[in-house]
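I have placed the structure first, in the form of structure tokens, so that the comments after it can refer back to it.
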Amino acid sequence: MIFTGSGYKGRNVILVRSCDAVISVQGMIGTLNELTIAYDEKKIVGLLSGTGGASDLFLEVLDSMGKDTKSVITSKNPGILVEKILDLLESL
């Protein structure tokens, strides 16, 4: 847990910068904000697909803006998603 005292929006930047990768399960507007920050900060982004919300829409958002999606990993299986992320982190 990281206490920032910065409220919901301010904490998102600190939270994302404090991690090696981001995993999203469902999520709403706040999660979408964290995902966009993670993408801009060049973090690995993992999306548990089939859970709805931001997790299922994020690739569409990136595609509609012509953004590269190589750093975004998706899977319907949480174990496989984590495994793929760990493998990618080890290769860096």
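The values are calculated or read from the model by the stated rules, or taken from the named source; none is laboratory data. Worth saying up front: this structure is predicted, and the values here are computed from it rather than measured. Cβ: placed from backbone, ideal geometry, glycine included. Neighbour counts: every protein chain shown.
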Contact list, first residue from region 63-88 and aliphatic (A, V, I, L, M), second anywhere and assigned to a loop (DSSP other than H, G, I, E, B), beta-carbon distance below 9 Å, six or more apart or interchain, is LEU81/SER49; ILE85/ASP20; LEU88/SER71
Within region 1-34, the residues that are among the hydroxyl-bearing types (Ser, Thr, Tyr) and surrounded by 17 or more Cβ atoms within 10 Å (Cβ to Cβ) are SER24, THR31
| message | Tell me yes or no: at least one residue of region 39-62 is in contact (Cβ under 8 Å) with a residue 40 or more places away in the chain and assigned to a loop (DSSP other than H, G, I, E, B). | response | no
(1) part of a helix (DSSP H, G or I); (2) in contact with a helix residue (DSSP H, G or I) (Cβ under 6 Å, 6 or more places away or on another chain) all hold for VAL82 apart from (2)
Matching residues in region 44-60 (within 18 Å of LEU86 (Cα to Cα) and either buried (at least 19 other Cβ atoms within 10 Å of the Cβ) or among the β-branched types (Val, Ile, Thr) (or both)) number 5
Within region 41-82, the residues that are hydrophobic (A, V, I, L, M, F, W, C) and over 14 Å from ALA21 (Cα atoms) are ALA54, LEU57, PHE58, LEU59, VAL61, LEU62, MET65, ILE80
Taking region 46-75 and the residues there that are out of contact with any Phe, Trp or Tyr (no Cβ under 8 Å at 6 or more places or on another chain) and hydroxyl-bearing (Ser, Thr, Tyr), the one that is nearest to GLU34 (Cα to Cα) would be SER55
The one condition LYS43 fails out of (1) at pLDDT below 95; (2) within 10 Å of the chain's Cα centre (by Cα); (3) of a type outside the set (A, V, I, L, M) is (1)
Within region 1-38, of all residues that are in contact with a Lys or Arg (Cβ under 8 Å, 6 or more places away or on another chain) and in contact (Cβ under 8 Å) with a residue 40 or more places away in the chain, the one farthest from MET65 (Cα to Cα) is ASP20
Exercise for review: State whether the residues of region 2-18 include one that is modelled with pLDDT of 95 or more and either in contact with a strand residue (DSSP E or B) (Cβ under 6 Å, 6 or more places away or on another chain) or among the basic types (Lys, Arg) (or both).
Suggested key: no
Quiz item: Just a yes or no: is a residue in region 61-70 buried (at least 17 other Cβ atoms within 10 Å of the Cβ), at pLDDT 95 or above and in contact with a Leu (Cβ under 8 Å, 6 or more places away or on another chain)?
Solution: no
